[in-house]
Amino acid sequence: MSIVLYHHPFSRASTVIWMLEEVGVAYELRHVDIMAGGQKSPEILALNPMGKLPTLTDGELVVTEAAAIGLYLADRYAYGTLAPRVDDPKRGTYLRWSFFAPSVIEPGATAKMSNWPAKDGQVGWGNYDAMLATMEHALAGRQFLLGDDFSMADVVFGGTLRYMLMFKMVEPRPAFTAYVERLNERPALQRSDARNAAVRKEHGLDR
């Protein structure tokens, strides 16, 4: 099996399972005990000096950062379906919202929860209200970010939003909850949830 995902169900690697299930390739999970600092082991640091998950290998290739992993998998294994081709006008929108999730939503929501003081012009995520309005704009009048076509951008953006709603890190606006409900209907996401649940049970993480 070529693809190996270094995984813990309480990390962003949980979303990478969804990515893998969407592209439909075989993969192996290697559990990393992040509670015991396993992500800082020599094996992981040799692959990812940040000592973080997710870390994915595809043969000799190493890919880290959840959004980068998703875009890599879509280009490599679902090009033209989950990833618009480079000459498709939708490619720009696809990249826009894929990068918006880790660059704006994650730090913006965390800054709001943690009361980080910062001027809008000093940080890449601007301000919380503008962030939410922009997220609504991305979804307005669309089933998915590219319209009727589901793409890997929906896994990156939607997976982030799904997590934020689950932990009450963003307001549950109707556009957000309806979008996540549509995502929850995807068989690949349901398989991913089941796989993560099985790992939690196997390692006694549901207690």
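The values are calculated or read from the model by the stated rules, or taken from the named source; none is laboratory data. Please read these numbers as outputs of a predicted model, since none were measured by experiment. Here the Cβ positions follow ideal geometry from the backbone for every residue, glycine too, while neighbour counts run over all protein chains shown.
Give the residues of the stretch 162-190 that are farther than 20 Å from Glu22 by Cβ and either in contact with a His (Cβ under 8 Å, 6 or more places away or on another chain) or outside any helix (DSSP H, G or I) (or both), sorted by residue number. Result: Phe167, Lys168, Met169, Val170, Glu171, Pro172, Arg173.
Could you please find all residues in the stretch 168-205 being among the acidic types (Asp, Glu), more than 30 Å from Ser114 (Cβ to Cβ) and under 18 Å from the mean Cα position of the chain (by Cα)? Spell out the reasoning first.
Restricting attention to the stretch 168-205, the residues satisfying the condition of being among the acidic types (Asp, Glu) are 171, 181, 185, 193, 202.
Those still in the list that are more than 30 Å from Ser114 (Cβ to Cβ) too: 185, 202.
Matches in the stretch 168-205: Glu185 only.
Of the residues making up the stretch 101-116, those that are out of contact with any Phe, Trp or Tyr (no Cβ under 7 Å at 6 or more places or on another chain) and crowded, with 17+ Cβ neighbours inside 10 Å are Pro102, Ile105, Glu106, Ala109. Residues that are exposed (fewer than 14 other Cβ atoms within 10 Å of the Cβ), closer than 28 Å to Leu20 by Cβ and of a type outside the set (Val, Ile, Thr) do not occur anywhere in the stretch 120-141.
So which residues in the stretch 61-74 are part of a helix (DSSP H, G or I) and surrounded by 17 or more Cβ atoms within 10 Å (Cβ to Cβ), if there are any at all?
Residues of the stretch 61-74 that are part of a helix (DSSP H, G or I), as a first pass: 66-74.
If the condition is that a residue be part of a helix (DSSP H, G or I) and surrounded by 17 or more Cβ atoms within 10 Å (Cβ to Cβ), then Ala66, Ala67, Ile69, Gly70, Leu71, Tyr72, Leu73, Ala74 are the ones that fit.
Just one of the listed residues (Asp33, Asp58) is surrounded by fewer than 24 Cβ atoms within 10 Å (Cβ to Cβ), over 23 Å from Lys201 (Cβ atoms) and not assigned by TED's automatic domain parsing to the domain that holds Leu146, and it is Asp58.
For residues that are assigned to a loop (DSSP other than H, G, I, E, B) and crowded, with 18+ Cβ neighbours inside 10 Å, scanning just the stretch 75-99, find the one that is farthest from the chain's Cα centre (by Cα). That would be Pro84.
Name every residue in the stretch 23-74 that is among the charged types (D, E, K, R) and under 15 Å from His8 (Cα atoms), in order of residue number. Before the answer, list the steps.
Keep residues of the stretch 23-74 that are among the charged types (D, E, K, R), which gives 28, 30, 33, 40, 43, 52, 58, 60, 65.
Answer for the stretch 23-74, where residues must be among the charged types (D, E, K, R) and under 15 Å from His8 (Cα atoms): Glu28, Arg30, Asp33, Lys40, Lys52, Glu65.
Any idea which residue in the stretch 109-161 is nearest to Leu183 (Cα to Cα), counting only those that are touching a Gly at 6+ places or on another chain (Cβ under 7 Å) and in a helix (DSSP H, G or I)? In this case the residue turns out to be Val155.
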